[in-house]
Structure formats: C-alpha cells, structure tokens
Amino acid sequence: MRRHAPLLGALAALWAAAPAFAQSDGVTISATYTLVMDRLRPDPRPDVRTVQSLVLRLSGVRRVDENWQARSGRFSSETRRVRAIGGSAQEGRGVWRVLPGNRIQRQVQHPQSVTTLTIMVDRGDRCVLDVTSALKPGFSEYKFRRQSTGGMGYFANRRVVDVACTVVK
C-alpha cells in the first residue's frame, strides 16, 4: 500500500486542481502519438506511420484500465486490459509504475527493443506524454508485429511525432 501512496497523492493533486474529479472515482487520461519508422523487411518502405491512441482510467483502487488503438493505413487494432499499478510482468507486456513528480510509467519489452511511456500530470486537464524507444544490446533494428499481416517486420529510424495528452473531465 505504501508504494502506491504517490499515485494517490497525484490523484489528490489532480482532484484539488479540478473539482469535477473530486466527485468521480478516478481520472481518465487520453494520449495519442504517431510512430514513424522505415520498414527494412519484408517489403521495404520508408516512413511507415502508426497512430497509437491510449485511454487510461486511473482509479483509487490501484488499477489502470487501458484501451489501446493502433492505426496504420487501412489497418487497425484495439486492445483493452485492466492492470494493477506496479503489477507483475506476468500480467502482460508492460507494467505501470508510479514515479515521483505526479508521473506514471510503463515499460514494454519487445523482442529487440524497449519502449517506455511516461505520463506526467500537471494541473487540471494538462498532462505530458514522453515516448522513448531503445534497442537492446546487440541489435541494430526494431522487430514489431505488422498490423497488415500479423507477421513480424524489421524497422529502423523509429521516431515519435504528433504527441498529445489530455486529462479528460
């Protein structure tokens, strides 16, 4: 319970800044970012764009409801999960952790890289999303599941553009 106190403190700070939250049982954060990568194989193609949309519902019961949507061209996917804050890696590909400074973070382990999402909640309806990716030692390309086929693809020059984050009232 002690390690979750910072999240509750962040929620309390949000509720103090936005009285409408005080009457609810949690906080909802909407975040969107676009990944741009060059596909190396199969079917090489520069500037493959994938729009990632995430809606998080943080509740006072130490859980996160996630709704992920991904769109790349005419292909899309959606995933919904409920995770415990600071839960175990066995719950799936990433665990949300509470950090100092009204931040939460999720690290996702991919086959050849690690993606880190950090959300800092400011005051009221403001938040900042930071998305970083790092290749694991010994790798020079990213390996991700392709939305079009479900098979694996290999990518380079991964970059994040068009980042937006809002606390939904």
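Do we find a residue being among the acidic types (D, E), at pLDDT below 90 and more than 18 Å from V128 (Cβ to Cβ) anywhere in region 86-98? Looking for residues that are among the acidic types (D, E), at pLDDT below 90 and more than 18 Å from V128 (Cβ to Cβ), one finds at least one in region 86-98, hence yes. Looking across region 146-169, the residues that are charged (D, E, K, R), closer than 22 Å to S30 by Cα and out of contact with any helix residue (DSSP H, G or I) (no Cβ under 8 Å at 6 or more places or on another chain) come down to R159, D162.
Matching residues to (1) more than 19 Å from V55 (Cα to Cα); (2) among the polar types (S, T, N, Q):
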site	(1), (2)
F75	yes, no
E78	no, no
P100	yes, no
Q109	yes, yes
L117	no, no
V128	no, no
T132	no, yes
R146	yes, no
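The values are calculated or read from the model by the stated rules, or taken from the named source; none is laboratory data. Owing to the predicted nature of the structure, the values given are computational and were not obtained by experimental measurement. Cβ: placed from backbone, ideal geometry, glycine included. Neighbour counts: every protein chain shown.
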